[in-house]
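Encoded as structure tokens, the structure appears first; notes follow it.
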Amino acid sequence: MHTPTYFAMNEDLANIQYSPIRDYKYARFFEEVQYNGKTLSEPERKEFVAVIDETIAQYSEGLPMMYDTLESIKDQHDDYHEIDRTVVSVMQFVLITMIDSMVASKYFILADSDYDRRFMRGKLMVILNEGFKRLYGFDEKTHKKSEWDRLLPLMGRFPEVINRQYQELTYHLEKHAKSSSWWKEERNLETHMDTEKLYVSRQEEIIESKVMMDSMKLLNTLLAVNHFLTNVHACLFNFLVGKYKRGELKDE
């Protein structure tokens, strides 16, 4: 059996270590943030954009690796690779949605004309609605098509600590799903292009910091799920490390 991608990247296989499973405090990612009326100063705006750029660069580094992994295992259908494919696919969705929401937020902040700002706010609302809809869903129908539901059949193959975290996150995600309309009306207007109603919708007063707080609702949710998926992926990695240390997995 050939050494999987995870090991091929590590030249010193003799010293390979197990990955830790971290105890994340997921509740803090779902705390409601209240609008405080603050407006960003020009230095704060520049700093905010710089942080976004740095974060985007950090997270986007993983996308080529995820794509390569999915391509390399597309013809492998044993239990391990079916699980790995699902986990990496969900991770890919989470990362791309996180990055897209940050890019939209960035260009909302940078917009220097009134129409540009209204346009970017609308497109950000689309990402917020569609992102959470695809991540978890708003009702039974959309939940059954969600990325989160794809993980449920796999949980029986993971240790109790992962199952507890999945249940904890499900609780928070379900509360989030019921907490608001997730900008459904704005999403519909922006995507269906009913221009008369779209114009009226875009005339709503723009409160910059409120728009950014709205965007953080999805971003923080995705961050929580990303931390969980990192733990899930660590379990898969540790499974291979165990096989390697027992001599069941050879580097050829």
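The values are calculated or read from the model by the stated rules, or taken from the named source; none is laboratory data. Everything quoted here is computed from the prediction, not taken from an experiment. Glycine gets a Cβ as well: all are built from the backbone with ideal geometry, and neighbour counts include every protein chain shown. The accessibility values were calculated without ligands, DNA or RNA, using every heavy atom of the protein model including side chains. Shrake-Rupley method; radii C 1.70, N 1.55, O 1.52, S 1.80 Å.
Descriptive notes on the structure:
- One residue stands out among those in segment 208-231 that are more than 15 Å from residue 93 (Cα to Cα) and hydrophobic (A, V, I, L, M, F, W, C): the one that is most open to solvent (accessible area, probe 1.4 Å), which is 216.
- Residues in segment 50-64 that are free of Cβ contacts under 8 Å to residues at least 40 places away in the same chain and either assigned to a helix (DSSP H, G or I) or open to solvent by less than 20 Å² (accessible area, probe 1.4 Å) (or both): 50, 51, 54, 57, 58, 60, 62, 63, 64.
- Residues being in a helix (DSSP H, G or I), farther than 24 Å from residue 227 by Cβ and either open to solvent by 40 Å² or more (accessible area, probe 1.4 Å) or of a type in the set (A, V, I, L, M) (or both) - total across segment 141-195: 10
- Residues located in segment 104-120, provided they are surrounded by 16 or more Cβ atoms within 10 Å (Cβ to Cβ) and more than 18 Å from residue 40 (Cα to Cα): 119
- Index of the failed condition, residue 250 passing every other in (1) open to solvent by 50 Å² or more (accessible area, probe 1.4 Å); (2) at pLDDT below 90; (3) within 19 Å of residue 29 (Cα to Cα): (3)
- Yes/no for residue 90 being at pLDDT 95 or above and in a helix (DSSP H, G or I): yes
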